[in-house]
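Below: the structure, in structure tokens.
Values quoted throughout were computed directly from the atomic coordinates according to the rules given, and no laboratory measurement underlies them. Just so it is clear, the model here is predicted, and its values are computed rather than measured. As a convention, Cβ positions derive from the backbone with ideal geometry for all residues, glycine included, and neighbour counts pool all protein chains shown.
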Amino acid sequence: MKRIAAAFERRNRAGEIALIPYLTAGDPSPEMTPALVDSLVEAGADLIELGVPHSDPLADGPTNQRAAARALAHGVTLKSVLQMVRQIRSHSEVPLLLFSYYNPILQYGLKKFSEEAAAAGVDGAIVTDLPPEEADELRESFDEQGLALVPLLAPTSGEARTRKILSLARGFVYYVSRTGVTGARSNLTADLRAEVEALTRLSTTPVAVGFGISSPEHVRALSGAAHGVVVGSALVEHVASSRPAEAVQAAGAFLRHLATGRRPGPEGRR
Amino acid sequence: MNDPDSSGRFGSYGGRYVPETLMSPLAELEEVFTHLRTDSGFSSELQKVLRDYAGRPTPLYLAERWSDRLGGIRVYLKREDLCHTGAHKINNTVGQALVARHMGKNRIIAETGAGQHGVATAAVAARFGLRCTVYMGSEDMKRQALNVYRMRLMGAEVVTVDAGSRTLKDAINEAMRDWVTNVRDTHYILGSVLGPHPYPLMVRYFQSVIGREARQQVLEQEGRLPDLLVACIGGGSNAIGLFHAFLNDESVRMVGVEAGGRGTARGQHAARFTGGRRGVLQGTYTWILQDDSGNIDPTHSVSAGLDYAAVGPEHAYLRELGRCEYSTASDKEALNAFHELSECEGILPALESSHATAYLRRQAAGLTPGACVIVNLSGRGDKDVDSVRGIEGGS
């Protein structure tokens, strides 16, 4: 959890938005995941989200569905994702967050998972289909282990839920930029920046925005408003369409490209 | 009666495991439904559509020749196969279409396995002038080509789902993805007692008309309560629909019949209570067919409507309480039962419902002579004629 706060602070103090790339763990192959992470960190990533592949990713669009299917075909499970984390943690201090559906964690055992994830070097997790109403038990286990259970907020959450969720936030808050599933979009909604600014005024933890972010312009549009921005499907697609020998380099290059938008444009504040 | 708690739990089962985007819309749906179920105007509107459009009440039919064949028990069939569109599914889609209208949503979406729920949704969409999209696995579209055509005839858009096992589970994933994207103007008519709260409660509410009618009818015709109720269970909506009105009648045994498929090996059946464990799938905590890492197992059943990896949470609870029993019937037993009812009674049962009749065939000898049984004949078998002919190579 400490690593998360420090990463946002370091980046934001420099007047830049934190970049949080997402990769499906084990895609395109389990061996490549640590090398991809290193390449992204080298290119300016501040935190890393590792997706735990699931057979029924109902919050994901086609790109991440395909990535999950490829990872599952390699036999990747929550257990082997923790092994990848150990490997990365052996030489890197980058904050690592798991992005998972609830059932794999539930089957692992909430307490056992929390203990082993913390020991492996995980900093926190985002559990897509676990709203705060169902999350008490996992949050307690996470708190005991110093792991951050990062909540999601959506455009439909409304004020009362937003306040409640913010009060339960650990690490940061993940704001879903639009109703829908994960996936790159050409345009962000017109109101997004104003929504995010309103949210950051209410929140005592950093606010990161995800879903649909795919270009330096998107990053710039949020820079100065949000503390961080998550880039998922666009990166996954980039890796998937590269030749295996070039994927690691391509991931880094794409992130560097996005990072050109990390300082606010003329309208940016803070 | 027997409602879930405020968090949508039947005992430890149920709940609301969905992306944050859907939480407020589900709360709104719960609020509207909670209001409507006690609103007399809504109730009479629903009654009228069920009577004049869906064809209710359905008969409770004493199957005399089949009863004789089974050895001196008295078997009644609750004729949901005679409902408009050919199955009990219309009870729920009528109800939810009215709810959608009250919420001001002008687009509805649905998933379908056997196609019966898709057809019932397409019908009410046409009836109420709502736009309609139905998601269906490509494997199921092959098995149920006729139903795909029926949906299109009624103006629904049918979207092929090619992900995963290409069956009901994948169609639900896709419908949820549509809903999370278009939730502001779209109502999702989930077709069974599955998914996040309030769906298991709301679908039960609309299906429990089956048991209310059956209870009154059997008292009139037989002068007493039945000894046994039997229904097939995919998600479990026709079963809970029949059982619910009898839950407080202690003398009435109830059995839900899951798909035993081709055997007990992983991927060969959809028997969640014998091959599964507790877990979360598609919004609810219940019994699920899954592997050790929490990924969902493939399922198999000759009947597309039972071919699903999770069972409705209230059934998990009723089983835990010991109030209802659960058993299985294999593909082969279901096919045999399909023929037997066709030959004895001139009624082609759906392959789903044939699992319920198959169970009774197998167990009949152990029942007291004169025992009174109600089987929910949840759907008609016309849609399955091609599949049966294909499997058996007849002409």
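Do the conditions hold for residue B:186, that is, is it surrounded by fewer than 24 Cβ atoms within 10 Å (Cβ to Cβ) and either β-branched (Val, Ile, Thr) or in contact with a Leu (Cβ under 7 Å, 6 or more places away or on another chain) (or both)?
The answer is yes for residue B:186.
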For region A:83-119 the number of residues that are within 14 Å of chain B (Cβ to nearest Cβ) and closer than 14 Å to residue A:48 by Cα is 3
Grab the strands (runs of 3 or more DSSP E) fully contained in region B:269-365, keeping just those with 3 or more residues being under 18 Å from the mean Cα position of the chain (by Cα) and more than 14 Å from chain A (Cβ to nearest Cβ). B:325-330
Could you please give the count of residues in region B:222-268 that are hydrophobic (A, V, I, L, M, F, W, C) and either within 14 Å of chain A (Cβ to nearest Cβ) or not in a strand (DSSP E or B) (or both)? 11
Could you list, in sequence order, the residues of region A:37-55 that are surrounded by 24 or more Cβ atoms within 10 Å (Cβ to Cβ) and over 15 Å from the mean Cα position of the chain (by Cα)? A:54, A:55
Single match in B:20, B:28 (criterion: farther than 22 Å from residue B:244 by Cα, within 12 Å of another protein chain (Cβ to nearest Cβ) and in contact with a strand residue (DSSP E or B) (Cβ under 6 Å, 6 or more places away or on another chain)): B:20
Return only the number of the condition from (1) touching a residue at least 40 places away in the same chain (Cβ under 8 Å); (2) more than 9 Å from every other protein chain (Cβ to nearest Cβ) that residue A:168 does not satisfy. (1)
Could you list, in sequence order, all residues of region B:104-151 that are in contact with a strand residue (DSSP E or B) (Cβ under 6 Å, 6 or more places away or on another chain), without any contact (Cβ under 8 Å) to a residue 40 or more places away in the chain and more than 25 Å from residue B:351 (Cα to Cα)? B:125, B:130, B:131, B:132
Looking at region B:135-180, which of the residues that are outside any helix (DSSP H, G or I), closer than 21 Å to residue B:196 by Cβ and aliphatic (A, V, I, L, M) is farthest from the other protein chains (Cβ to nearest Cβ)? B:161
Please specify each residue of region A:227-247 satisfying the condition of being in contact (Cβ under 8 Å) with a residue 12 or more places away in the chain, out of contact with any Asp or Glu (no Cβ under 8 Å at 6 or more places or on another chain), hydrophobic (A, V, I, L, M, F, W, C) and part of a helix (DSSP H, G or I). A:234, A:235, A:247
Looking at region A:120-163 only, could you name the residues that are more than 7 Å from chain B (Cβ to nearest Cβ), farther than 28 Å from residue B:287 by Cα and among the hydroxyl-bearing types (Ser, Thr, Tyr)? A:162
Total residues in region B:297-343, condition farther than 23 Å from residue B:191 by Cβ, touching a Gly at 6+ places or on another chain (Cβ under 7 Å) and crowded, with 20+ Cβ neighbours inside 10 Å: 1
